[in-house]
Structures are given as C-alpha cells and as structure tokens.
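Structure first, then comments.
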Amino acid sequence: MRPPQGRRPSTLRRTLWTGAEVTVTLGVVLLLLVVHQLWWTNREARAGAERKVQALEREWAATPADGQGEDGQESASDPAGDDTPAGSSGEGSGGGSGGRTSADSTSSSRETPRWDQAYAVLTIPRLGLTVPVAEGVGKQNVLNKGYVGHYPATAQPGRAGNFALAGHRNTHGEPFRYINRLRKGDEVRVRTRSAEYTYVVDKTLAQTSARDGGVIAGVPRSAVVRGAGYSEPGYYITLTTCTPEYTSKYRLAVWGKLRSMRPR
C-alpha cells in the first residue's frame, strides 16, 4: 500500500531547501573573504610593518651612520643618503658646496638597496602614519606586507630628482588610504640610517591614468593631465596610490619638495 502522497517531501521542496543551504553557505564564505581582505590583511600587515620599523630603529642604533656599531665593528653603508640641495634649511644643510654635508661625504660608495629590502622609514604626521620603505613595488614582498615601495630607477631620499613611492590604499595595511587628505605645507619625513629628510607637500594630482609614468619622472609632470606637475629640476617626493578607493582604475599622486636634511 502506497503512503499518502502528502507525507513525502516534494521534489520542489527539496530543491528549494538545497538551494537555500547553498546560498547561505556561499554568503558565509563571501563574508569571510571580505573580513579576511578588509580586516585580517590590514591587521597582519600593520603589525608586521610596525615590527619592521622597530627592527630598523634597533639596527640603526646598534650600527650608526659613522660606520661603527656598539661593538666597534663597521656597519653596513646607508644606501639612501646623498647630496642635499644647496641652501636647504635645517640642521646640517649644505652651504656653498652644493648642499653636500659631512654625513654624505661617502655617498659615492653607497650601494643601491637590495630588492625588497626595507631601508628607510616614512612618517606623515598629519595622517599619524609611520611605515617602512622598501626597494621595489612588488606586491608579495613589499606592498602586501604593509610597506611603502620605492620605484626602482627613481631618486633615493635627499638626492636630486624624484623620490617616488607607492602604497596600498585599501587592504594589506593600506598605508596610503588617506593621502588624499594631505594639504600644501604638510610635512612628509623620511628617516634613514644617516639622516632625516623633511619634504613639504606642494601639489596633489587627484586622478590620472594608471600608466601615467610622468608623475614619477625625475621632474614629475603628468603626461596625461595638462599642466599638472613641474618643469624645473629639483628635490621631489611623490606618493602614489590607486583611486577611487577599492579599485585600481586610476592613480592619485601627491608631490612635495625637500625642505631640510638633518644628520642622525
């Protein structure tokens, strides 16, 4: 004898139940992915970047710029320090010697930082930001670690030309999330083993093409946005990141000029 038809789950009911379970599961997975991307990667990257800043400070204290550590051993050279502009203000600024200082007297023998090596610390007081600077702009070993990356072939801090940097705006520490809030006159400081360089924000390019290489040229000048940038050589810093937020369609650039150098 067949059981009453109403007691058996209908095919439609089973299908709807299964579909609901799959939808809920996918929703939970997507939520976890969003939490991982927007919260966990930031937490991990920021903690790692903070540890690296502390490690650099300990290393510099143990092996100062004069080349002698606490144990009297010669320290590694500072790959960043070099000539500063003539007449720049601040302690240790150069005079009639083209801005060159005693702290930079061995600059000709200094080497380029190793690829992915963290070798400087960037501080932006307005944003409450302190983050390591590493050589290169690779995602895995630099940007995704919460570091700021130095564009290869651009100037090192304090040197003539353009010290150009990139950083994430969202996820993985997002050090450059709020650089759009910087205003003319804000300070951007860069510390190396041998010196602290103070740049002053001068201009902002709110949006340009992701392929606009002019913004990080030696004399930074947009190749896309007419009139944006500079026309004279100088001592510049460029901060670049993606815009709008949560996309990588365009680039935002902030430019500044070197104001002073103080030996450490």
Which of the residues spanning region 162-197 are free of Cβ contacts under 8 Å to residues at least 60 places away in the same chain and at positive phi? GLY185
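Return yes when ALA253 is over 22 Å from ARG126 (Cβ atoms) and under 17 Å from the mean Cα position of the chain (by Cα) and no when it is not. Walk me through how you get there before you give the answer.
Working: over 22 Å from ARG126 (Cβ atoms): no; under 17 Å from the mean Cα position of the chain (by Cα): yes.
Considered against the rule, which asks whether it is over 22 Å from ARG126 (Cβ atoms) and under 17 Å from the mean Cα position of the chain (by Cα), ALA253 comes out as no.
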Over region 193-215, the set of residues within 17 Å of TYR151 (Cα to Cα) and buried (at least 21 other Cβ atoms within 10 Å of the Cβ) is ASP212, VAL215
What's the total number of residues in region 120-145 that are assigned to a helix (DSSP H, G or I) and of a type in the set (D, E, K, R)? 2
Is at least one residue of region 178-185 modelled with pLDDT of 95 or more, crowded, with 22+ Cβ neighbours inside 10 Å and assigned to a loop (DSSP other than H, G, I, E, B)? no
Taking ALA206, is it of a type in the set (A, V, I, L, M, F, W, C) and not in a loop (DSSP other than H, G, I, E, B)? yes
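Go through ARG221, ARG259 for me and flag whichever is at pLDDT 95 or above, within 18 Å of ARG126 (Cβ to Cβ) and not small (Gly, Ala, Ser).
On the way: ARG221 fails: within 18 Å of ARG126 (Cβ to Cβ).
Result: ARG259 is the single residue among ARG221, ARG259 that is at pLDDT 95 or above, within 18 Å of ARG126 (Cβ to Cβ) and not small (Gly, Ala, Ser).
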Just for region 216-244: of the residues that are in contact with a helix residue (DSSP H, G or I) (Cβ under 9 Å, 6 or more places away or on another chain) and of a type outside the set (Val, Ile, Thr), which one is surrounded by the most Cβ atoms within 10 Å (Cβ to Cβ)? LEU239
Go through the residues of region 160-176 one by one and say whether even a single one is β-branched (Val, Ile, Thr), part of a strand (DSSP E or B) and closer than 29 Å to GLU44 by Cβ. no
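The values are calculated or read from the model by the stated rules, or taken from the named source; none is laboratory data. Everything quoted here is computed from the prediction, not taken from an experiment. Cβ coordinates were reconstructed from backbone atoms using ideal geometry, including for glycine residues, and neighbour counts include every protein chain displayed.
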